[in-house]
Amino acid sequence: MKVYTKTGDKGQTSLFGGKRVPKHHIRIEAYGTVDELNSYIGLIRDQDIDKESKTILIEIQDRLFTVGSILATEPGNTKVKVPKINEADIFLLEKEMDKMNESLPEMRSFVLPGGHTTVSYCHITRCVCRRAERLVSHLSELELVDEIVLRYLNRLSDYLFVLARKIVLDKAVEEVEWAPRM
């Protein structure tokens, strides 16, 4: 199978099921941003982090391919078989956050992103996740989107924030609290 098809050369692409849409369609923006998010998670996974976090990140990447598949399928198309996100996927993120939070100091204020390259990658990835969430939210106002996709992305951004804090602790770097000037 060739990677190039030439069918998108005029600014159109196909959803699963065959419907053609412009490449700037909000649905394409949404799943394209999920793809970008998945790539950034791969960047975090490539860093020197604990094996358990790497395993969870691989699971998250798998789930994001599922999210992309859901978003790439035209609403109402029953001919295409697409995997699903389920409550267990969200529960895994919550369970992992709870586990990481057990060893983290209590948050007393917002924290500034940074302190270590890997921490910064987590924060960049969190921001891309929030953008994906905003795009999916916008799409859901225009077309049918399974609400569990929004919930998963919302929880994932929280997970990435907690992972950043855990890596601050693991790397023994300073977590800088935001001190607003009044």
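Of all residues in region 93-143, those satisfying the criterion of being within 12 Å of the chain's Cα centre (by Cα) and of a type in the set (Lys, Arg) are 126, 130, 131, 134. For beta carbons closer than 6 Å, sequence separation of 6+ or different chains, a first residue in region 170-182 that is on the phi < 0 side of the Ramachandran plot and a second that is surrounded by 10 or more Cβ atoms within 10 Å (Cβ to Cβ) and outside any loop (DSSP other than H, G, I, E, B), the qualifying pairs are 175/111; 175/168; 177/111. Within region 161-182, being in contact with a helix residue (DSSP H, G or I) (Cβ under 8 Å, 6 or more places away or on another chain) and either under 13 Å from residue 47 (Cβ atoms) or not aromatic (Phe, Trp, Tyr) (or both) holds for 162, 163, 164, 165, 166, 167, 168, 171, 173, 174, 175. For region 165-179, the condition holds for no residue, the condition being that it is part of a helix (DSSP H, G or I), within 14 Å of the chain's Cα centre (by Cα), buried (at least 17 other Cβ atoms within 10 Å of the Cβ) and among the β-branched types (Val, Ile, Thr). Any residue that is under 13 Å from the mean Cα position of the chain (by Cα), free of Cβ contacts under 8 Å to residues at least 40 places away in the same chain and surrounded by fewer than 19 Cβ atoms within 10 Å (Cβ to Cβ) - is there at least one of those in region 12-28? No, that holds for no residue.
Summed over region 124-164, residues that are of a type in the set (Gly, Ala, Ser), closer than 22 Å to residue 74 by Cβ and surrounded by 18 or more Cβ atoms within 10 Å (Cβ to Cβ) total 1.
Being touching a residue at least 24 places away in the same chain (Cβ under 8 Å), touching a Phe, Trp or Tyr at 6+ places or on another chain (Cβ under 8 Å) and not polar (S, T, N, Q) holds for only one residue in 136, 145, 128, and it is 128. Of the candidates 93, 104, the single residue that is of a type outside the set (S, T, N, Q) and either in contact with a Ser or Thr (Cβ under 7 Å, 6 or more places away or on another chain) or within 29 Å of residue 179 (Cα to Cα) (or both) is 104.
Looking only at region 64-92, count every residue that is of a type in the set (S, T, N, Q), exposed (fewer than 13 other Cβ atoms within 10 Å of the Cβ) and at pLDDT 95 or above and tell me the total.
1
For the residues 165, 134, 126, 108, the requirement of being more than 30 Å from residue 69 (Cα to Cα), of a type in the set (Lys, Arg), at pLDDT 95 or above and out of contact with any strand residue (DSSP E or B) (no Cβ under 6 Å at 6 or more places or on another chain) singles out 165. Of the residues making up region 44-95, those that are of a type in the set (D, E, K, R) and within 28 Å of residue 138 (Cβ to Cβ) are 59, 62, 63, 74, 79, 81, 84, 87, 89, 94. A count restricted to region 93-123 and to residues that are out of contact with any helix residue (DSSP H, G or I) (no Cβ under 6 Å at 6 or more places or on another chain) and crowded, with 17+ Cβ neighbours inside 10 Å stands at 2.
The values are calculated or read from the model by the stated rules, or taken from the named source; none is laboratory data. In this text, all values refer to a predicted model and were calculated from it rather than measured experimentally. Positions of Cβ are backbone-derived with ideal geometry, glycine not excepted, and every protein chain shown enters the neighbour counts.
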